[in-house]
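**Q** Structure incoming, see below.
The values are calculated or read from the model by the stated rules, or taken from the named source; none is laboratory data. A quick note: this is a predicted structure, and the numbers were derived from the prediction, not measured. Neighbour counts run over all protein chains shown; Cβ positions are idealised from the backbone, glycine included. Remember, those area values only see protein heavy atoms, side chains included, never the ligands or the DNA or RNA. Shrake-Rupley method; radii C 1.70, N 1.55, O 1.52, S 1.80 Å.
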Amino acid sequence: MELIAARETELQTALEMINAAKKYLRDCGVDQWQRGYPDEACIRQDLQTGKGYFFVEKGQRIGYLCIDFDGEPAYDHLQGEWGTGEPYAAVHRMAFSPDARGKGLSSKAIPLIEDFCRRQGIRFFRADTDEKNLKMRHILENNGYTYRGTIWFDYSAKIAFDKSI
């Protein structure tokens, strides 16, 4: 599996993955992403600013995410304490295509993202998710991320994690 920059012409592919993930979360009883976010304008901005990426395996785009090196304003209001104040990368909107789900790809995806960030000179990584998103929590915890507290984003409290990479 590899990580490649998404092009603006691939907006529909990214949206299909995001919308499928919204449905999957809803079907799992998770309220995350059920109020519009992330929408087309959000994904379009990812692509226009060079923050959108695809996971690719065997030539197929199997997942989408945003890697942001500019900081997440919601993280400035953490109810808790980050592990460090160093520059960090934030990962948002990670979604796999329905055909890729359940194949353990997150165990490849997280180290791939971390390696990409290290090559950019970033040694610290932050992420957040809904408390009820047990799959994402499991992914983060199994990859050595530390729970740091809560933030407020997309109309609800999110649990926040970080890791030195």
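**Q** Report, in listed order, any pair from K132/K158; K22/K135; K23/K51 with a Cα-Cα distance greater than 21 Å.
**A** As for pairs spanning more than 21 Å Cα to Cα, those are K23/K51.
**Q** Which value at 222 nm does the chain reach when only helices count, each DSSP H run of 4 or more adding -39,500 (n - 2.57), with the total divided by all residues and rounded to the nearest 500 deg cm²/dmol?
**A** Dividing the helical sum by the residues of the chain leaves -9500 deg cm²/dmol.
**Q** In straight Cα distance, which aspartates and glutamates are under 20 Å from K58, not counting same-chain residues fewer than 8 positions off?
**A** Counting by Cα, and skipping residues close in sequence, K58 has these aspartates and glutamates nearby: E2, E10, E16, D99, D115.
**Q** Here's a follow-up. Counting only protein heavy atoms and a 1.4 Å probe, tell me what percentage of the stretch 1-135's accessible area is made up of carbon and sulfur.
**A** 45 percent
**Q** Could you pull out the trypsin sites (Lys or Arg not before Pro) across the stretch 70-125 that fall in loop regions by DSSP (anything but H, G, I, E, B) with no more than 14 other Cβ atoms inside 10 Å?
**A** K103
**Q** Hey, what's the Cα Rg ratio for the chain versus the globular rule of thumb, 2.2 N^0.38 Å?
**A** Here the Cα radius of gyration is 0.96 times the empirical estimate.
**Q** Give me the one-decimal nm value for the distance between modelled label points at Y24 and E86, 7 Å along each residue's Cα-to-Cβ direction.
**A** Output for this residue pair reads 3.1 nm.
**Q** Apply 1/(1 + (r/R0)^6) to the Cβ-Cβ distance of I4 and H77, taking R0 = 35 Å, and write down the FRET efficiency to the nearest 0.05.
**A** Result of the calculation: an efficiency of 0.60.
**Q** Another question, then. Between T146 and E40, what is 0.36 nm times their sequence separation minus the Cα-Cα distance? Round to one decimal in nm.
**A** Working: separation 106, 0.36 × 106 = 38.16 nm, distance 3.11 nm.
Length difference between fully extended and current span is 35.1 nm.
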